[in-house]
Amino acid sequence: MTTTLVIGIDGSPASKRALAHGQRLSKLIGDCTLMLVYVIEWSPYTFQSAEENEQRHNRREEEIHVAKSRVLDPMIKELAADGFKAECKVRHGNAAEILNAVAVENHAEQIIIARGSEGGIASRFFGTVSVKLATSASVPVTIVS
């Protein structure tokens, strides 16, 4: 049975440390899939016109394309070249909720996130996202410094 580790990724040095930790664990585990998850913060509760909603949809699609092409696809290619099994997902929403949902959907053993001073996902994770995950996630959470 394959073990799945969910890793919060945004391309920052901090998220690369989380990925490196996931790689170390994967080597120890053996049959393991690294599920890289890029979360684009987004709230469905903004009131907008129909035209703004159409533009927002197009913007969301572009954000997904950029995240995959600039961050995730190169990581997946490098991981495959190094012999790791890896998949990726890009989702819009609340980072803690999305990471937990992906972990549940994929029967993951663990969520790995990073903290750091670089900003981006790292700064969000050591704030309310890491606290929310640590207190409410369905699986264990590792916060890499």
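The values are calculated or read from the model by the stated rules, or taken from the named source; none is laboratory data. From a predicted model like this one, the values you see are computed outputs, not experimental measurements. So basically every Cβ, Gly included, is an ideal-geometry build from the backbone, and we count neighbours across all protein chains shown.
Name, by its number, the condition in (1) part of a helix (DSSP H, G or I); (2) over 14 Å from the mean Cα position of the chain (by Cα) that does not hold for M1.
(1)
If we scan the range 10-23, do we find a residue that is in contact with a Phe, Trp or Tyr (Cβ under 7 Å, 6 or more places away or on another chain), of a type outside the set (F, W, Y), closer than 17 Å to A96 by Cα and not in a helix (DSSP H, G or I)?
Scanning the range 10-23 turns up at least one residue that is in contact with a Phe, Trp or Tyr (Cβ under 7 Å, 6 or more places away or on another chain), of a type outside the set (F, W, Y), closer than 17 Å to A96 by Cα and not in a helix (DSSP H, G or I).
Which pairs turn up if I take residues in the range 79-95 that are closer than 29 Å to R59 by Cβ and look for partners that are of a type in the set (F, W, Y) with beta carbon separation below 6 Å, at least 6 apart in sequence or on another chain?
V90/Y38; H92/W42; G93/W42
Would you list the strands (runs of 3 or more DSSP E) that sit entirely within the range 53-145 and hold 3 or more residues that are within 14 Å of V37 (Cα to Cα), at pLDDT 95 or above and in contact with a strand residue (DSSP E or B) (Cβ under 8 Å, 6 or more places away or on another chain)?
On the way: elements: 85-92, 110-114, 141-144.
So the answer is 85-92, 110-114.
Collect the residues in the range 65-106 that are surrounded by fewer than 16 Cβ atoms within 10 Å (Cβ to Cβ) and of a type in the set (V, I, T), keeping them in residue-number order.
Listed by number, the residues that qualify are V66, V104.
Could you list, in sequence order, the residues of the range 10-29 that are at pLDDT 95 or above and of a type outside the set (D, E, K, R)?
A18, L19, A20, H21, G22, Q23, L25, S26, L28, I29
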